[in-house]
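Q: One structure coming up, written as structure tokens, with questions to follow.
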Amino acid sequence: MPATDLDQIVSLCKQRGFVYQSAEIYGGFRSTYDYGPLGSLLLRNVKDAWIRSMVQQRDDVVLIDAAILGPPQVWETSGHLGNFSDPLVDCTNCKNRFRLDKLDDPDTCPSCGKTNTFTEAREFNLMFKTQAGPVEGAGADAYLRPETAQGMFTNFGHVLQTSRKKPPFGIAQVGKSFRNEITPQNWIFRTREFEQMEMEFFVPPEDSEKWYEYWCKERLNWYIEHGIPADMVMLRPHDADELSHYSTGTSDVEFKFPWGFDELEGIAKRTDFDLKAHAAASGEKLDYFDPQTQERYVPFVIEPAAGATRAMAAFLLAAYDEDEVNGEKRTVLRLHPRLAPYKVAVLPLSKKDTLTPLAHEVRKLLAERYMVDYDETQNIGKRYRRQDEIGTPLAVTVDFDSLDDNAVTIRDRDTTEQVRVPIDELLATVSGKLGF
Ligand code: GAP
């Protein structure tokens, strides 16, 4: 059973070193989080799995890594300085602030329960402003990007020229984005600093609808292929009043979070809005000359835009399970092997010097290819439980027989079944079990 309570995951993640509150020794800092030894690996694996599916396994998408800091022109042109805002209301009774569009009842304060105590809604821009260089004032203003997407539009000309791609093709990027959210909430679901995995897919305008449908299906399936049960994700088309300023149609992939279905990713029809706006503002040509038709056109864009940190929360919630092994209750994270922080744990049966050299040899052998955890503390049962709880798919036990038969035991996280394999065949067997 996946976790039904966010606190189950939040506390497991803190105890086991996935996610900590940022600057906790100073009381924590406003909904920001640090990713610990296991969380940083899991987050990296989520991003790698996305890059693998979206770039590596295709021949029509390339990857870039653009700057986080940008000049005001980019954000004026993209419409973010003018339009990227949320309606903010203050409760005059308890002084708390809320996003009007997220309130269940727009007249009642969810904090103090009073009605008709809200101020008029004000539009609050979500961009983080800073300054570049030591001198304040005009010319020094800079913004932290609120989406990675603009790097794909401003580099469209360069990428088109250097990658030798032609529409339909995509430019992908993974990286941090920043939004001064009015109400960050639900742990790493909505934070002010987060990671996105976005791809701008440039297509001939007449093919836009076809590619929109294609990407909606692809992206929904990606979550299912990586371990989220099919009944926990769905596609939800936006109502007209929900659309972003650049979109003529968007569908969200939604996940069944403990508080209900909520957004994991948006797939948007961004049309030629961004390329046309940047071309007009910069004076650069941001279009494509089709040598076959001898026509120049501005491609339309289909954009699957996912959150890496938000996806990580969903993968953890979906993977959480509790069952019984030999009459004992255990907690197990049934993470997809590609996402699991460690793929294999090497567990010598005893800490005795006689076993240690062989156990380390086994660790080294596996670590050439996989992220491996080595643990020789506590009894073997407790060590299995710990590995189950952090989602390690396989545990390899080195015991005293191993010294004679040169074989080890592999235990499977999900079934707890054990098989004995010669060390010579260990890599091949582990690879067969993990699927890579
Ligand atoms: N370029 C389009 C774009 O940024 P978005 O729907 O605003 O679209 C895409 O963001 C994804 O980024 C969201 O579906 C979500 O997964 C993630 N995301 C957005 N704001 C977030 C926040 N404050 N905290 C965590 N993830 C966020």
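The values are calculated or read from the model by the stated rules, or taken from the named source; none is laboratory data. The model shown is predicted, which means the values in this text are computed figures rather than measured ones. Cβ atoms come from the backbone with ideal geometry, glycine included; neighbour counts cover every protein chain shown. The accessibility values were calculated without ligands, DNA or RNA, using every heavy atom of the protein model including side chains. Shrake-Rupley method; radii C 1.70, N 1.55, O 1.52, S 1.80 Å.
Q: For region 106-180, run through the GluC sites (Glu not before Pro) and keep only the ones in DSSP coil with at most 16 other Cβ atoms within 10 Å of their Cβ.
A: Sites meeting the loop and neighbour criteria: GLU120, GLU136.
Q: While we're on this one: Along each of its three principal axes, how wide is the spread of alpha-carbon positions in region 70-186, in whole angstrom units, largest first?
A: 61, 41, 23
Q: Calculate what fraction, in whole %, of the accessible area of the chain sits on carbon and sulfur atoms when a 1.4 Å probe is rolled over the protein chains.
A: Its accessible area is 48 percent carbon and sulfur atoms.
Q: Counting each DSSP H run of 4 or more residues in the chain as -39500 (n - 2.57), what helix-only mean residue ellipticity at 222 nm follows after dividing by all residues, to the nearest 500 deg cm²/dmol?
A: -8500 deg cm²/dmol
Q: Say the cut-off is 18 Å between C-alpha atoms; which of LYS210/LYS269; LYS47/LYS343; LYS165/LYS276 go over it?
A: Details: LYS210/LYS269 11 Å; LYS47/LYS343 16 Å; LYS165/LYS276 20 Å.
Those over the limit are LYS165/LYS276.
Q: Tell me the angle of helix 6-16 to the major Cα principal axis of the chain, expressed in degrees between 0 and 90 and rounded to the nearest ten.
A: 60
Q: Using only Cα atoms and rounding to the nearest 10 degrees, what angle (0 to 90) does helix 380-389 make with the longest principal axis of the chain?
A: For helix 380-389, the angle is close to 10 degrees.
Q: Could I ask something else about it? Could you work out the longest stretch of the chain that avoids the trypsin sites (Lys or Arg not before Pro) located in DSSP loops with at most 16 other Cβ atoms within 10 Å? Walk me through the numbers before you get to the answer.
A: Working: sites that count: ARG30, ARG58, LYS95, LYS114, ARG164, LYS285, LYS351, LYS352, ARG369.
That gives 165-284 as the longest site-free run.
Q: Under a cut-off of 20 Å between alpha-carbon atoms, report the lysines in cross-link reach of LYS114, not counting same-chain residues fewer than 8 places apart.
A: Straight-distance partners of LYS114: LYS95, LYS102.
Q: Taking 2.2 N^0.38 Å as the expected size of a compact globular protein, what ratio does the Cα radius of gyration of the chain give against it, to two decimals?
A: The value comes to 1.13.
Q: I would also like to ask the following. For region 1-108, what's the radius of gyration and Dmax over Cα atoms, in angstrom?
A: Radius of gyration, then largest Cα-Cα span, for region 1-108: 20.0, 58 Å.
Q: Please compute the per residue accessible area over region 139-272 with all protein chains in place, 1.4 Å probe, rounded to a whole number of Å².
A: Working: 5230 Å² over 134 residues.
Value returned for region 139-272: 39 Å² of accessible area per residue.
Q: Compute the acute angle (0 to 90°) between the alpha-carbon long axis of helix 308-319 and the principal axis of greatest extent of the alpha-carbon atoms of the chain; round to the nearest 10°.
A: Here the helix axis deviates by roughly 40 degrees.
Q: In nm, what is the difference between 0.36 nm times the number of residues separating ASP107 and TYR297 and their Cα-Cα distance?
A: 63.6 nm
Q: Give me log10 I(q)/I(0) at q = 0.32 Å⁻¹ for region 6-52, Debye formula, one equal scatterer per alpha-carbon, no solvent.
A: Once normalised to I(0) and log-transformed, intensities are -1.08.
Q: Under 20 Å Cα-Cα from LYS129, which aspartates and glutamates qualify once same-chain neighbours fewer than 8 residues away are excluded?
A: Straight-line reach from LYS129, under 20 Å: GLU76, ASP86, ASP141, GLU147, GLU181, GLU193, GLU195.
Q: Also, quick follow-up: With the cut-off at 1.5 for a/c, could you classify region 165-210 from its C-alpha gyration tensor as rounded, prolate or oblate?
A: prolate
Q: Choose one answer from LEU42, LEU235, LEU403: the residue with the largest mean-square fluctuation in a GNM of the chain with alpha-carbon springs under 10 Å.
A: LEU403
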